[in-house]
Structures are given as structure tokens and as C-alpha cells.
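The values are calculated or read from the model by the stated rules, or taken from the named source; none is laboratory data. Bear in mind the structure is a predicted one, so any value in this text is a computation, not a measurement. When we count neighbours, we look across all protein chains shown, and the Cβ atoms used for this are built from the backbone with ideal geometry, even at glycine. To get the accessible areas, we keep the full protein, side chains included, count just its heavy atoms, and leave off ligands, DNA and RNA. Shrake-Rupley method; radii C 1.70, N 1.55, O 1.52, S 1.80 Å.
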Amino acid sequence: MKDTSKPSFLGTMNAIVIGERHGFEFLDAWARTTADAGLAACLKTVALREAEHAAAFEKRMCELGFSLQEKDNPAFAKNMDLVTSEIPDVQKFEQLGFDKAGGDGEDRLLQILADQTIDPSTAGLMGRYIAEERDSGRLLRAEYERVKRAEPGQTTPDLAALCAEVEALRQAVEALQGAKKRSKKA
Ligand SMILES: [Fe+2]
């Protein structure tokens, strides 16, 4: 007989706790590895959010009368090796997939919110979690773009210099047109 006292979303909460806990660990390790102070600050912010999500969901599981089931996460060791390696930060972003927006299981989370049996406390926690994860994604993508622009060999076009060049060309064309008109009259 199906155990109706067990919430349908318990497995997802368990997976969130493990994923967020590992997220904290590897983002924090990356923050301590990078030489870029701006990137370190961003990674620390996102890492602390992950840690808080893990604690909040585990606390909610306990309040509902369930304890965390530890599960292996093969991606964790790979991510730790990557972020603590010597490769450039831009490559770390790209290999982790943080350089572009991704679904990252959000549809599954939204389905949980659509579950009519979910209690208000868990639903509130889930809603805040989804919104913060989206914001963390935006923060990481903005940081990726900044770090990429700052890479050696990447030149940012100087708008003022371009405008000055266009203006000089415009004046040269005007001068040529003026000279042409004068030679026709002569
Ligand atoms: Fe996360």
C-alpha cells in the first residue's frame, strides 16, 4: 500500500540539500583559488546562498519528520578538481556550464509548486529557492562576461576614439565634395 504520509516532493528536497551543499563547497573552493577579487566576491555570495538553501531544506525535512538520505554525487569530485585546477577562470565557467542560461531542473521544481498538496511553508521555501537560483545564474553569467572581457588579448572598443575617427572621415568627405564642386565651376 502506498505510504500517503510521505510527501511527494521529499525526494526532490533530499536532492536539493545534497546538490546545494556540494555547490557551496566547490564554489567556495573556487572563490579561494581565483586571483580575481571581483569574481571571488561573486562566487562567495552564490556559495553562501547554496549553503543556506541546503540548511533550509534539510531543516524543513526535519520539521516534516524526515531525515536526509546521503547519496553519491559523481559530479562533485569532478567539479572540485576543475575549480581548484590552474586553468583560466573563463574555462572553468564554460566547463561548468555557468556561461549560459540552462533549465537546470527548474521545470521539475515548478511542477512541485503546482502540486496541490504542498504545505505553505515548503511552497514558500521552494518559491524563494527558485527565484534565488535564477538570480545566482544571472550573477554568474554577468561575472563570466566581465572576466571574459578582461582576458589578455580582449580589447574593448573605445567608443570615443571610434566617434572621433568617424567625424574625421566625415570632414574629409565634405572637403573632397567641396573641392569637386569648385573644380566643376572653374
Ligand atoms: Fe544551487
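If the segment from T117 to F76 were pulled out straight at 0.36 nm per residue, it would be longer than the present Cα-Cα gap by 11.5 nm. Per residue of the chain, the DSSP helices (runs of n ≥ 4 H) give a summed -39500 (n - 2.57) that works out to -25000 deg cm²/dmol at 222 nm. The HN-Hα couplings worked out from phi for segment 140-148 by the Karplus form 6.51 cos²θ - 1.76 cosθ + 1.60 (θ = phi - 60°) are 5, 5, 5, 5, 4, 4, 5, 5, 5 Hz, whole numbers, x standing for Gly and Pro. As a length-normalised measure over Cα pairs under 8 Å and 6 or more apart, the relative contact order of segment 10-155 settles at 26 percent. Between segment 101-150 and segment 27-52, the alpha-carbon centres lie 18 Å apart. Apolar share of the accessible surface for the chain: 56 percent from carbon plus sulfur atoms, 1.4 Å probe. Ranking V147, V166 from most to least accessible surface, computed with a 1.4 Å probe over the protein chains only, gives V166, V147.
Note that segment 10-155 presents 55 Å² accessible area per residue, ligands and nucleic acids not counted, probe 1.4 Å. In order along segment 52-59, the phi-based Karplus estimate (6.51 cos²θ - 1.76 cosθ + 1.60, θ = phi - 60°) of 3J(HN,Hα) comes to 5, 4, 4, 5, 5, 6, 5, 4 Hz; Gly and Pro are listed as x.
Peptides 69-80, 133-144 ranked from most to least packed give 133-144, 69-80, packing being the mean of other C-beta atoms within 10 angstrom over each peptide's residues.
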